[in-house]
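This report refers to the structure that appears directly beneath it.
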Amino acid sequence: MSQFEAFAPGVEVNGETVLAVVDGMGAYTKTAYRILHDNGIIDPKPGRWYPQQSWLDAFREIAEKVGPNTVHRIGVKIPNNAIFPRSIDSLVRALESIDIAYHLNHRGGEIGRYGFRLEARRMATLHCENPYPCEFDRGIIEAVASKFRPPGAIVTTEHEPTPRCRKEGGRTCVYRVRW
């Protein structure tokens, strides 16, 4: 399994999450809506559900035609658009909440997960087992960590080398977060 391929048919993603594409493309709103439309997502709205594979097809087009930096920016916008738990009061809880948010914003079958593990007092790993591009996940993790970082802390996020990350046909990418 690799990025851009849904784990199961019938999986859906909500409109709030889909609209992160529009938000992440900034001044290129018309292009974002066109790419979504061309991939079967017509006039996305919060509260509605759309085929995950259509959204992944739009991601593939954005990655190929616009570039990985835009895919990263879309990931950064996810915490502002998608549904997240409200009771987050620390960086650790924020990183743990990514998996909860992922499940709140998808439905209809196997979607994967975001596995969180606290490795040390100021270091954690996230095992991202999902069909999204690496840059997208890095954007989500960086945005969540930055929003909830302790005062004065500098947060770094690194894509850990693995035998086969999603770019190389694997199912999981691992990110190390330090603060």
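Side notes on the structure shown:
- Residue match in the range 147-162 (condition: within 16 Å of the chain's Cα centre (by Cα) and closer than 24 Å to Gly15 by Cα): yes
- Remark: Phe136 matches the filter, which requires a residue to be within 22 Å of Arg60 (Cα to Cα), in contact with a helix residue (DSSP H, G or I) (Cβ under 6 Å, 6 or more places away or on another chain) and among the hydrophobic types (A, V, I, L, M, F, W, C).
- In the range 124-161, residue surrounded by the most Cβ atoms within 10 Å (Cβ to Cβ) [restricted to those that are touching a strand residue (DSSP E or B) at 6+ places or on another chain (Cβ under 8 Å) and β-branched (Val, Ile, Thr)]: Ile141
- Scan of the range 61-106 for residues that are farther than 17 Å from Ile35 by Cα, of a type in the set (Gly, Ala, Ser) and surrounded by fewer than 18 Cβ atoms within 10 Å (Cβ to Cβ), ordered by number: Ser87, Ser90
- Residues located in the range 33-60, provided they are basic (Lys, Arg), surrounded by fewer than 16 Cβ atoms within 10 Å (Cβ to Cβ) and assigned to a helix (DSSP H, G or I): Arg34
- Whenever a residue of the range 105-118 is of a type in the set (Ser, Thr, Tyr), its partners that are assigned to a loop (DSSP other than H, G, I, E, B) and surrounded by 13 or more Cβ atoms within 10 Å (Cβ to Cβ), lying with C-beta atoms within less than 8 angstrom and at least six residues away or across chains, give the pairs Tyr114/Asn130.
- Residues being closer than 14 Å to Asn81 by Cβ, assigned to a helix (DSSP H, G or I) and aliphatic (A, V, I, L, M) - total across the range 1-32: 6
Each value in this text was obtained by applying a stated rule to the coordinates, not by laboratory testing. Here the structure is a predicted model, which is why all the values come from computation and not from measurement. Here Cβ is always computed from backbone atoms with ideal geometry, including for glycine, and neighbour counts include all displayed protein chains.
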